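Data first, discussion second: the structure below is written as structure tokens.
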Amino acid sequence: MIRLGSNSPTRAKILKDNGIEFIQNGGNFDEDSIKTTNPKSFCYEATKGKFEELYKKYGVEDMPLLVADSVVTCNGELLRKAKDLDDARRMLELQSGNKTSVITCMIYKSKKMEYIDISITTYKFVPFDKTHMDEYISSGECMGKAGAIMVEGFCKPYIKSVKGYESTAMGLCVEKLKMILK
Ligand SMILES: Nc1nc2c(ncn2[C@@H]2O[C@H](COP(=O)(O)OP(=O)(O)OP(=O)(O)O)[C@@H](O)[C@H]2O)c(=O)[nH]1
């Protein structure tokens, strides 16, 4: 049993779909407190901030703690979760027909070990269909997701090439997590 220190429904689904038993306790770390705009540094600092808050609150005596953060970078820009639907549209238009990378950092700590990982999955997308994109935006599914993308959903038909794990792009590199949980 592990503690998923995250509010993310996607991360919970990834653990559940992979048979990893967990309880979910999200935190309140303020990512706006992070100064850097370098995507990898931002992702690491966000993960570290989330970890420190939840490690202080729960410790790892009763069970290991897992936290993560994901950001998207496209054309060198840091894309976090969209502020509103207009911001989501801007992010999607930037990534349409473009190359985009999802960076996921995770920190896992138990009584015996601490593991930190930064993984990247890079996609090349063909242009998004405008009507489909409008529907995706108005559905609101684009909210709460780094870069407003859903690689297992909206983006799937537009993937021209991919390098890296899909789980990393969804917010938790479960292939690496399963290795350390063995
Ligand atoms: N379903 C889906 N979710 C994605 C995808 N890419 C990123 N996400 C989610 O986007 C969110 C990125 O925001 P974060 O700040 O890392 O996490 P959060 O959702 O705020 O949750 P916390 O862990 O509590 O910070 C995470 O919930 C990721 O799981 C994707 O392609 N599909």
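Only the coordinates and a few stated rules stand behind these numbers; no lab work does. None of the values given here were measured: they were computed from a predicted structure. Here the Cβ is made from the backbone with ideal geometry for all residues, glycine too, and neighbour counts use every protein chain on show.
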Exercise. Just a yes or no: is a residue in the stretch 33-47 aromatic (Phe, Trp, Tyr) and more than 9 Å from the ligand (Cβ to nearest atom)?
Worked result: yes
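Which one is surrounded by the most Cβ atoms within 10 Å (Cβ to Cβ), of the residues in the stretch 32-76 that are part of a strand (DSSP E or B) and hydroxyl-bearing (Ser, Thr, Tyr)? Can you show your working first?
Keep residues of the stretch 32-76 that are part of a strand (DSSP E or B), which gives 65-74.
Next cut, hydroxyl-bearing (Ser, Thr, Tyr) only: 70, 73.
Details: 70: 28, 73: 22.
Filtering the stretch 32-76 for residues that are part of a strand (DSSP E or B) and hydroxyl-bearing (Ser, Thr, Tyr), the one surrounded by the most Cβ atoms within 10 Å (Cβ to Cβ) comes out as 70.
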Exercise. Within the bounds of the stretch 98-116, is there any residue that is basic (Lys, Arg), away from the ligand (no atom under 11 Å from the Cβ), over 20 Å from residue 167 (Cβ atoms) and outside any strand (DSSP E or B)?
Worked result: yes
Exercise. What single numbered condition from (1) in a strand (DSSP E or B); (2) under 30 Å from residue 65 (Cβ atoms) fails to hold for residue 160?
Worked result: (2)
For this session: Consider residue 119 carefully, then state whether it is within 11 Å of the ligand (Cβ to nearest atom) and either in a loop (DSSP other than H, G, I, E, B) or in contact (Cβ under 8 Å) with a residue 24 or more places away in the chain (or both).
Result: no
Exercise. Given (1) of a type outside the set (Gly, Ala, Ser); (2) in a helix (DSSP H, G or I); (3) without any contact (Cβ under 8 Å) to a residue 40 or more places away in the chain, where does residue 150 come up short, assuming only one miss?
Worked result: (2)
Exercise. So, in the stretch 124-147, of the ones that are among the polar types (S, T, N, Q) and more than 14 Å from the ligand (Cβ to nearest atom), which residue ends up nearest to residue 163 (Cα to Cα)?
Worked result: 131
Exercise. Do you know which of the residues in the stretch 127-182 that are among the charged types (D, E, K, R) and in contact with an Asp or Glu (Cβ under 7 Å, 6 or more places away or on another chain) is surrounded by the fewest Cβ atoms within 10 Å (Cβ to Cβ)?
Worked result: 152
